[in-house]
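What follows is a single structure, written as structure tokens, with notes after it.
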Amino acid sequence: MNFTAVYQPVEEGGYVAWLEEMPGVQTQGETLDETKANLQDAHQLAIRYLREKSKEQFNSEAVREPFESITM
């Protein structure tokens, strides 16, 4: 699955950024390159957090397997 990154310049300088498909994955940076790197980090942290929370919530009998999303 591909995500849509949005990079918005701000008046104070730099950029804010977010992923349209993942509300809450947001960041900022002084340059566009820095903002892109920060968004990668924010996305990875969000995925790691969601995986950990899922493991805490569901018992060891839950079936886990890789899943690839197919966009239409």
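Bear in mind these aren't lab numbers, they're just calculated from the coordinates by the rules spelled out. Bear in mind the structure is a predicted one, so any value in this text is a computation, not a measurement. Cβ sites come from the backbone with ideal geometry, for glycine too, and all protein chains shown count toward neighbours.
Residues in the range 26-50 that are among the hydrophobic types (A, V, I, L, M, F, W, C) and farther than 20 Å from E68 by Cα: L32, A37, L39, A42. Could you please find all residues in the range 8-38 being under 14 Å from the mean Cα position of the chain (by Cα) and surrounded by 14 or more Cβ atoms within 10 Å (Cβ to Cβ)? Of everything in the range 8-38, those that are under 14 Å from the mean Cα position of the chain (by Cα) and surrounded by 14 or more Cβ atoms within 10 Å (Cβ to Cβ) turn out to be V16, A17, W18, L19, M22, V25, Q26, T27, Q28, T35, K36, N38.
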